[in-house]
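Remarks on the structure that follows.
The values are calculated or read from the model by the stated rules, or taken from the named source; none is laboratory data. Just so we're clear, the structure is a prediction, and the values are computed from it rather than from any experiment. Here the Cβ positions follow ideal geometry from the backbone for every residue, glycine too, while neighbour counts run over all protein chains shown.
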Amino acid sequence: MIVADYSEQALQDLIAGSGLRFEVGPFTVCLQSSLDKLAADIRLMYGAYSVSTQPFADFHVRLDQPFGLRRWFRPQTNFTQDGRTPFKPLPLDQSFAMFEWGLNWCVSSQSHQYLIVHAAVVERGGLALIMPAPPGSGKSTLCAGLVARGWRLLTDELALISLELPGEVIALPRPVSLKNESIEVIRKFAPQQVMGPIAHDTAKGTVAHMAAPRESVQRGGETAASRLLIFPKYTPGSSTQITPRQKAASFMELADQSFNFNILGELGFQALRQVLDNCDCYDLSYSDLDDVIPELEQLIDKSGESAELVGALVNSTAAVDG
Amino acid sequence: MDKQALLLFSLLANPRQMVGLDLQTWDVFIRQARNADLLGRVYELVAEHQLFDDVPLPVRPHLLSARRVARRHSAMVRFELGNLLGILTKLETPIVVLKGAAYVLAGLPAAAGRVFSDIDLMVAKDRLDEAEKLLKVQAWIASANSYDDKYYRKWMHELPPLQHLKRHTLLDLHHAILPQTARLKPNSAELFTAAVPVDGYPNAFVLCPEDMVLHSATHLFQDDEFKHGARDLVDLDSLLRHFAKDEAFWPRLVQRGEVMGLSRPLYYALRFCQRLLATPVPESAMAQAARPARPLAFCMDKLFERALVADHPLCVDRFTGLAKWLLYIRSHYLRMPFHLLLPHLFHKAFISPINARREEKKAENRPTIEGLIAENKAK
């Protein structure tokens, strides 16, 4: 059963009552809320996600209006996990965005079974392209563009790097967060994609989310082998430029963008080393999605072939040794 | 209190009950343990009793994750202690490490799986200024607002919290274990005399076992917030079980409680460890501890029970708010005489919020580097 199998009314009753339990990548989330409008947004953005039947949830979260005057005067919404409030309340029309940020916080602060890096990850032909970047670099826009052209979405914000399967990234498909001009860019570039509610005047400007495609959602929790590590930079008016980058510096950058590298210690170091061993590293500057996407497709397909070549060589030498 | 509210304690007291526990109960257990900062502790208990194979698959990542955080905390505490003790060797005076950091340093089982919010050290009162100066040079800075700063220095048993500028670690530098204005006045010199040296650090000491328990008990049962109530009770349970391996410990503990004037907090510690965590406290020790008169003892049972359970919505009943409020008043009453307390509470209630708001406004209007650059360019 998936979330969209519930009618909007049924979903709202569930969220207002015992809570909606659904599978997001490897996690089970239990969402409760007394807000009226949230059920519609959840149904729109998380419609394709499986409803969970198991009685254990990884994160129990709530969105409610705070008590007091702010119920009527410039109404607000409050995110809580098990009664704890990690953030200050936000305006009511940012409720869905707050759910997204709240869930990001839950995952990044409590899931040290993975090395978690602030990066977008997409996959094509079984190979993962990792794009770490600070906000404003155009990482999410590029990620949304690639996904709209058929790449599988693993994540837009939180790359879960396996500590057990060397170099593998675990899919946590969630809505892709788009900011300011990016919203219009993606609307024009991929009008068929589902866009969520628009939140104005957030700390990050105007924010809207693009729903993860159904196929990516169904393959949530599945892994992909890291193969390309690209640091994108949106540069207005520039042509697409892909330049090789040093592995050591890329390692440091990735460690810097990690939420729990320091907590994991050597485990984290080894996991990251494995990713760097797997990956070719590049800097990318781009301004036009139509131009950059074919280039990236070519790059990852070629790197797949070279990986196969290496694999074949290893196998044949093994055969000779044998 | 209903059974669900006490689930965390009942499983901590009897880890074997985790075998065959249904997923729904695990769900409640993990959430309570997480909010009480005891998830790392749960992992260590599971490991100690070799129960990991009995933990259902979806639950395991939460325990592993908490274990990693706890190990990291433990490593950080060791690192910071090494630093701090190094900085303070110049004083050529004993430094007593208190609470969680002491459990780590002394290698006590209470340190297993524990997480830390700060480090607590104690030096003799007449060396406090020098200690603060030495620390300041190494980037440990007091950052309380001016009212709090004065309040700490004048009335409290510690400096305002010091924070390392770069690593943001918090340090409480004590000269006593209770405020100077408190009704109970344990003698700090006695604590120093009985303190035990720690191997590997020339100037480091920890409190002797009895004082360690008394300090933890005093701290918990005179607390105002009970944010770490459940965790602190688990600390006490672990200390008692460990020290009780020496049979002479119990009579020594009771006697020390009397000498230090801390028999009442000791009573509460023994009472609630026994009641909530099934700590094996001998009859004789229980009988000798200073139990309050029956009606009062009954009320305190009801109040502390509500304050000590995990800080979680599932552990709340309709009296929890009232109980915590009464204990808040009690703790302040025990800490300060009324003629000091009333102006202090007035300041906290009405003046501090205004000042905080003013500070916030100031911070908002403070020019940013980007703003200044833009302004200069415009000129």
Unique residue being in the same structural domain as A:I293 (by TED's automatic domain parsing), among the charged types (D, E, K, R) and touching a strand residue (DSSP E or B) at 6+ places or on another chain (Cβ under 9 Å) when the list is A:K188, A:K179: A:K179
Subset of segment A:1-55 [closer than 18 Å to A:D93 by Cβ, of a type in the set (S, T, Y) and surrounded by fewer than 20 Cβ atoms within 10 Å (Cβ to Cβ)]: A:S34
Of all residues in segment B:331-369 being surrounded by 15 or more Cβ atoms within 10 Å (Cβ to Cβ) and either in contact with a Leu (Cβ under 8 Å, 6 or more places away or on another chain) or outside any helix (DSSP H, G or I) (or both), the one that is modelled with the lowest pLDDT: B:M336
Only listed residue being among the charged types (D, E, K, R), within 23 Å of A:C30 (Cβ to Cβ) and buried (at least 16 other Cβ atoms within 10 Å of the Cβ), chosen from B:D2, B:D22, B:D37: B:D37
Single unsatisfied condition, A:P294 versus (1) within 14 Å of chain B (Cβ to nearest Cβ); (2) over 25 Å from A:S108 (Cβ atoms): (1)
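Whether any residue in segment B:296-303 is touching a helix residue (DSSP H, G or I) at 6+ places or on another chain (Cβ under 6 Å) and either within 14 Å of chain A (Cβ to nearest Cβ) or of a type in the set (K, R) (or both) is what I want to check.
no
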Residue check for A:A199: of a type outside the set (S, T, N, Q) and at pLDDT below 95: yes
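Suppose we filter B:D223, B:D172, B:D211 for residues that are modelled with pLDDT of 95 or more, closer than 25 Å to B:L38 by Cβ and among the charged types (D, E, K, R); which single one remains?
Just a single option satisfies the conditions, and that option is B:D211.
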Test for B:L270: is it surrounded by fewer than 21 Cβ atoms within 10 Å (Cβ to Cβ) and under 23 Å from B:A13 (Cα atoms): no
Positions within segment A:113-152 being hydroxyl-bearing (S, T, Y) and more than 14 Å from chain B (Cβ to nearest Cβ), in sequence order: A:S137, A:S140, A:T141
Flag for B:V104 being without any contact (Cβ under 8 Å) to a residue 40 or more places away in the chain and either away from chain A (no Cβ under 14 Å) or of a type in the set (F, W, Y) (or both): yes
Output for segment B:286-299, where each listed residue is crowded, with 20+ Cβ neighbours inside 10 Å and part of a helix (DSSP H, G or I): B:Q288
Residue match in segment A:199-216 (condition: free of Cβ contacts under 8 Å to residues at least 12 places away in the same chain and touching a strand residue (DSSP E or B) at 6+ places or on another chain (Cβ under 7 Å)): no
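Have a look at B:R67, B:R78, B:R16 and point out the one that is away from every other protein chain (no Cβ under 14 Å) and either part of a helix (DSSP H, G or I) or under 20 Å from the mean Cα position of the chain (by Cα) (or both).
Matching residue, one of B:R67, B:R78, B:R16: B:R16.
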Residue selected from segment A:57-102 under the condition β-branched (V, I, T) and out of contact with any Pro (no Cβ under 7 Å at 6 or more places or on another chain), by the criterion nearest to the other protein chains (Cβ to nearest Cβ): A:T80
So B:L84, is it closer than 30 Å to B:L134 by Cβ, away from chain A (no Cβ under 14 Å), in contact with a Phe, Trp or Tyr (Cβ under 9 Å, 6 or more places away or on another chain) and assigned to a helix (DSSP H, G or I): yes
Members of segment A:257-280 that are under 18 Å from the mean Cα position of the chain (by Cα) and farther than 20 Å from A:E164 by Cα: A:Q257
Any chance B:V28 is more than 7 Å from every other protein chain (Cβ to nearest Cβ) and in a helix (DSSP H, G or I): yes
Failed condition for A:F87, given (1) hydrophobic (A, V, I, L, M, F, W, C); (2) under 17 Å from A:K204 (Cβ atoms); (3) not in a loop (DSSP other than H, G, I, E, B): (3)
Flag for B:S143 being within 14 Å of chain A (Cβ to nearest Cβ) and of a type in the set (S, T, N, Q): no
Exclusive hit being touching a Pro at 6+ places or on another chain (Cβ under 7 Å), more than 30 Å from A:R71 (Cα to Cα) and surrounded by 20 or more Cβ atoms within 10 Å (Cβ to Cβ), set A:G138, A:G145, A:G167: A:G138
